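Worksheet: the structure to be examined is printed underneath.
The values are calculated or read from the model by the stated rules, or taken from the named source; none is laboratory data. The model shown is predicted, which means the values in this text are computed figures rather than measured ones. Here Cβ is always computed from backbone atoms with ideal geometry, including for glycine, and neighbour counts include all displayed protein chains.
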Amino acid sequence: MTARTARRRPSLLGAVAVVAVVALLAAWGIRELVAQPFTVPSGSMSPLLQRGDVILADRTARGRARPGDVVVVDGRGYLADADSGGHYWVKRVIGVGGQRITCCTADGRLMVDGRPLTEPYVPGGQRASDIDFDVEVPQGRVFLLGDDRANSTDSRHRLGAPGGGMVPEERVVGTVTRIVWPPARARSLPPIDSSR
């Protein structure tokens, strides 16, 4: 037998295995580095997001957030007990490190750094919060609220707990950019003016 005849062509099974491994690595890379899907578990972000919506979080924005962003966070130990079930939360960033947030004005609005906050995403007729508070967000943390304030557990509810309900920016998994399911609701999320 010559060296030429001893060489074997790659088998079809081997080629399929290589393609499968490459596809899995690409899917993992996209999920970890670019975008990750999440299912909305509750109506706390209604009317923008509904229970059961599948959303995409932009992973390139992990570890940072701006006021007005809708983000996915790992809330264990901050929005929920560390040993509680679900640990990914979808909320809106109301304030970032150094900002002072006060609730509420006479007409039921939040104040951020002494200015009334316009919140077109809150369902009509709702007061900005049924819990009064006056907090300064520590550097490197974010203050989060659900849009449907009457049906959201968020930073307000953990003000007296360790961490004060304000989540470290490093726990931001990504910024929500799209609803991808169901098809009738699929769309990009509208930008919010973070300058107020």
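Within region 85-143, the set of residues being charged (D, E, K, R) and assigned to a loop (DSSP other than H, G, I, E, B) comprises Asp107, Arg109, Asp113, Glu119, Arg127, Asp130, Asp132. Among the residues of region 134-154, the ones that are hydrophobic (A, V, I, L, M, F, W, C) and surrounded by fewer than 16 Cβ atoms within 10 Å (Cβ to Cβ) come to 1 in all. Of the residues making up region 85-114, those that are among the hydroxyl-bearing types (Ser, Thr, Tyr) and under 17 Å from Met166 (Cα atoms) are Tyr88, Thr102.
Taking region 61-104 as the range and being among the acidic types (Asp, Glu) and at pLDDT below 90 as the test, the residues that pass are Asp74, Asp81, Asp83. One residue alone among Gly164, Gly160, Gly124 is over 15 Å from the mean Cα position of the chain (by Cα), of a type outside the set (D, E, K, R) and on the phi > 0 side of the Ramachandran plot, and that residue is Gly164. Residue pairs whose Cβ atoms lie under 7 Å apart, sitting 6 or more positions apart in sequence or on different chains, and linking a residue in region 41-60 that is assigned to a loop (DSSP other than H, G, I, E, B) to a partner that is among the acidic types (Asp, Glu), are Gly43/Asp148; Ser44/Asp148; Met45/Asp147; Met45/Asp148; Ser46/Asp147; Ser46/Asp148; Leu48/Asp147.
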